[in-house]
Amino acid sequence: MPRVLGIDIPGKKRLEYALRYIYGIGPTLALEVIEKVGLDPAKKADELTDDEVKRLSETLQSRYRIEGDLRREVQQNIRRLISI
């Protein structure tokens, strides 16, 4: 089971589906990230090399708001709207 940004993604699934287990990544964003990193969407997550996992993590961290940052932003928006 590869670990991307501290999240275990299922190794037996195709990469385009496995990335969706990360909060904030849906079908469109998963394909976009795979294309930017230059990976094959049909490749299984277990087949990723350490270098590919590293490039994937760096791309996700630098260009997208996901996991903790996204959860925090959503919670702040909810609190702001409740206070209004």
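The values are calculated or read from the model by the stated rules, or taken from the named source; none is laboratory data. The shown structure was predicted, so the numbers you read here are calculated from the model rather than taken from an experiment. Here the Cβ positions follow ideal geometry from the backbone for every residue, glycine too, while neighbour counts run over all protein chains shown. Calculation scope for accessible area: heavy atoms of the full protein, side chains included, ligands and nucleic acids excluded. Shrake-Rupley method; radii C 1.70, N 1.55, O 1.52, S 1.80 Å.
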>> Which pairs turn up if I take residues in the range 6-28 that are at negative phi and among the basic types (Lys, Arg) and look for partners that are open to solvent by less than 50 Å² (accessible area, probe 1.4 Å) and modelled with pLDDT of 90 or more with beta carbon separation below 7 Å, at least 6 apart in sequence or on another chain?
In response: Arg20/Gly26; Arg20/Ala30
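Just to be sure, is Pro2 touching a Gly at 6+ places or on another chain (Cβ under 7 Å) and open to solvent by less than 70 Å² (accessible area, probe 1.4 Å)? Outline the logic, then answer.
Details: touching a Gly at 6+ places or on another chain (Cβ under 7 Å): yes; open to solvent by less than 70 Å² (accessible area, probe 1.4 Å): yes.
Yes: the conditions hold for Pro2.
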>> Residue pairs, Cβ under 7 Å, 6 or more apart or interchain, first in the range 52-77 and closer than 14 Å to Ile7 by Cα, second open to solvent by 100 Å² or more (accessible area, probe 1.4 Å). List them.
In response: none
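Return the residue satisfying two criteria in turn: it lies in the range 36-84 and is β-branched (Val, Ile, Thr) and open to solvent by less than 90 Å² (accessible area, probe 1.4 Å), and of such residues it is modelled with the highest pLDDT. Steps first, please.
So in the range 36-84, the residues β-branched (Val, Ile, Thr) come out as 37, 49, 53, 59, 66, 74, 78, 82, 84.
Keeping just the survivors that are open to solvent by less than 90 Å² (accessible area, probe 1.4 Å) gives 37, 49, 53, 59, 66, 74, 78.
On the way: Val37: 89, Thr49: 87, Val53: 89, Thr59: 89, Ile66: 84, Val74: 93, Ile78: 96.
By that ranking, first place goes to Ile78.
Please enumerate the residues belonging to the range 66-80 that are more than 13 Å from Val33 (Cβ to Cβ) and within 12 Å of the chain's Cα centre (by Cα).
Our first condition is that a residue be more than 13 Å from Val33 (Cβ to Cβ); within the range 66-80, this holds for 67-80.
Matches in the range 66-80: Glu67, Gly68, Leu70.
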> Residues of the range 37-51 being without any contact (Cβ under 8 Å) to a residue 24 or more places away in the chain and closer than 20 Å to Gly26 by Cβ, which ones?
Replying inline: Val37
